[in-house]
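These notes are about the structure you will find just below.
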Amino acid sequence: MFKEVALNYLNEKRDELIKVSKEIWANPELGHKEHFASKRIAEILESEGFDVELGYVNIPTAIKATYGSGSPAIGLLGEYDALPGLSQKVSTTEEPIIQGAPGHGCGHNLLGVCKLAAAIAIKEGIKQGDLKGTIVFYGCPAEEQLTGKPFMARGGAFRDIDMAISWHPASYNIASYASKTALNSAKFHFKGKTAHAALDPQNGRSALSAVELMNVGANYLREHVTDDVRIHYVITDGGGAPNVVPDKATVFYFVRALTREAVVDTYNRLVKIAEGAAMMTETQLEVELLGGCYNYLVNKVLVDLSHKVMTETKRPEWTEEELEFAKELNSKTDNYQKTIKAGYAKDGEHLATDVLPIDEKPRYASNDTGDVSHIVPTCMFMTATQNIGAPGHSWQVVACAGHSIGQKGMMYGAECIVGIVDEIFKDPTILKKAKEEFAEKINGKEYICPIPDDVPLPY
Ligand SMILES: [Zn+2]
């Protein structure tokens, strides 16, 4: 009865929800600036009878919206931020709407509305159905900066739920045991002394030299870290002209690894390298730790459940027009053939219909859902919302996120969330087992927010 009511409601609201996903797609906003999206979603949740806090834990575009009472309390993690420079029309050729403007290159317009759709459907199920519990929609800003959920967690979020569910747009239908990396992001600012580079170089102390020596040290560090560590940097300020000794220079680093401990260890060693570079060049160092996130802690009980529900839920049927659209996009990327070779799709398949088997290969990207997964048992699954070969964070993703391909995948995702929640509501042993697995993996370790208390929100 619960599931039937919830799915019927989802169907009733389908057009309205798709419209909201299109509106957010058409108004792409960067992290912590998602004022349109957060307001629009909060308004709907309020009209659906949720108890809504927009500006939750003092973050202007964060939302907490609650419906129901008692346990189980299930959190749904919504996101709605876009990526810079990815403005794109719903088209099979690369064509920005506004050159240089943001676009939904990770499909977060679908991500936020999928959780909204599931939340209002589950609410209706609780209201009219025969099962009880609490549903909490979290609107999580700035996922692309990997700081939204850690900032929310720093403010106390995610402690009053039993578990969390996330869903992400993708090229396939898959639930996975794959872990993701933890991360620290920091800027290293060096300050030296300027001088004429030819007339009196002896009086200069180059901040750029410090940056370069730091990078040399970091590149030697790579040999002495565990295999899972990834270190990337860009020089964001390296001076203005070759004939002026730069008195200011900045290098921006990401450190990733499959455990938080390895990130912290590598990061601390990187700071020592920066200090060494400052000493060598007689410059001053200022370290600006911007934030960080945890690795994604897999909960196999919840992954297995997600996989089961995904296979049991009717998947979208693609129209000729949708298949043509995807085929055309796939013809424009060599990623398509790579994907086929990797066994993620059959040759000639342009939009996924099957549910792939659960895989275990770690993914070295990071996702700030990792922080939530260290606070409560969390599951994440993905459904096909784009052509099979769409590269991550690309104009092709933007095109599909504004097309019926993305919208159908999003609604299938929402139906799966309803199915997962139905199973959790019906059978308390699932959550019990998920909590046991979580406790075993956490092994008494307390969640420590990777963002120190004195780091302000980046806006
Ligand atoms: Zn994303």
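The values are calculated or read from the model by the stated rules, or taken from the named source; none is laboratory data. Quantities reported herein were computed from a predicted structural model and do not represent experimental measurements. Counting neighbours? That spans all protein chains shown, and the Cβs are built from the backbone with ideal geometry, glycine included.
Working only within the range 323-382, note down all residues that are among the aliphatic types (A, V, I, L, M), within 25 Å of residue 227 (Cα to Cα) and more than 16 Å from the ligand (Cβ to nearest atom).
Once the filter is applied, which keeps residues that are among the aliphatic types (A, V, I, L, M), within 25 Å of residue 227 (Cα to Cα) and more than 16 Å from the ligand (Cβ to nearest atom), the range 323-382 yields 342, 358.
Can you find a residue that is of a type in the set (A, V, I, L, M, F, W, C) and more than 30 Å from residue 263 (Cα to Cα) anywhere in the range 358-377?
Residues of the range 358-377 of a type in the set (A, V, I, L, M, F, W, C): 358, 365, 372, 375-376.
Imposing the further condition that a residue be more than 30 Å from residue 263 (Cα to Cα) reduces the set to none.
No, there is no match, as no residue in the range 358-377 is of a type in the set (A, V, I, L, M, F, W, C) and more than 30 Å from residue 263 (Cα to Cα).
Hey, any hits in the range 89-104 for a residue that's within 16 Å of the ligand (Cβ to nearest atom) and more than 17 Å from residue 20 (Cα to Cα)? Outline the logic, then answer.
Step one: filter the range 89-104 for residues within 16 Å of the ligand (Cβ to nearest atom), giving 102-104.
Those still in the list that are more than 17 Å from residue 20 (Cα to Cα) too: 102.
Yes - at least one qualifying residue is present in the range 89-104.
Go through 80, 67 for me and flag whichever is modelled with pLDDT of 95 or more and away from the ligand (no atom under 14 Å from the Cβ).
Values: 80 fails: away from the ligand (no atom under 14 Å from the Cβ).
When all the criteria are applied, what remains is 67.
Regarding the range 110-129, can at least one residue be identified that is among the basic types (Lys, Arg) and either modelled with pLDDT under 95 or away from the ligand (no atom under 16 Å from the Cβ) (or both)? Before you say what the answer is, go through the steps one by one.
First pass over the range 110-129, keeping only residues among the basic types (Lys, Arg): 115, 123, 127.
Going one step further and asking which of them are either modelled with pLDDT under 95 or away from the ligand (no atom under 16 Å from the Cβ) (or both), we end up with 123, 127.
Looking through the range 110-129, at least one residue is among the basic types (Lys, Arg) and either modelled with pLDDT under 95 or away from the ligand (no atom under 16 Å from the Cβ) (or both).
Name the pairs: first residue in the range 342-354 and free of Cβ contacts under 8 Å to residues at least 24 places away in the same chain, second residue surrounded by 14 or more Cβ atoms within 10 Å (Cβ to Cβ), Cβ to Cβ under 7 Å, at least 6 apart or on different chains?
Once the first residue is free of Cβ contacts under 8 Å to residues at least 24 places away in the same chain and sits in the range 342-354, its partners that are surrounded by 14 or more Cβ atoms within 10 Å (Cβ to Cβ) give 347/340.
When only residues in the range 383-407 that are surrounded by fewer than 21 Cβ atoms within 10 Å (Cβ to Cβ) and more than 13 Å from the ligand (Cβ to nearest atom) count, which is modelled with the lowest pLDDT? Quick ask: steps written out before the conclusion?
Step one: list which residues in the range 383-407 are surrounded by fewer than 21 Cβ atoms within 10 Å (Cβ to Cβ), which gives 391-393, 404.
Applying the additional criterion that residues be more than 13 Å from the ligand (Cβ to nearest atom) yields 391, 404.
On the way: 391: 94, 404: 98.
So, considering only residues that are surrounded by fewer than 21 Cβ atoms within 10 Å (Cβ to Cβ) and more than 13 Å from the ligand (Cβ to nearest atom), the one modelled with the lowest pLDDT is 391.
Which of the residues that make up the range 130-151 are polar (S, T, N, Q) and either within 16 Å of the ligand (Cβ to nearest atom) or in contact with a Lys or Arg (Cβ under 6 Å, 6 or more places away or on another chain) (or both)?
The initial filter retains those residues of the range 130-151 that are polar (S, T, N, Q), namely 134, 145, 147.
Matches in the range 130-151: 145, 147.
Determine whether residue 185 is among the polar types (S, T, N, Q) and either closer than 24 Å to residue 34 by Cα or within 13 Å of the ligand (Cβ to nearest atom) (or both). So that I can check it myself, show each step before the final result.
Working: among the polar types (S, T, N, Q): yes; either closer than 24 Å to residue 34 by Cα or within 13 Å of the ligand (Cβ to nearest atom) (or both): yes.
Taking the combined requirement at face value, the residue satisfies it.
Exactly one of (1) among the hydroxyl-bearing types (Ser, Thr, Tyr); (2) farther than 23 Å from residue 299 by Cβ; (3) more than 16 Å from the ligand (Cβ to nearest atom) is unmet by residue 171. Its number?
(3)
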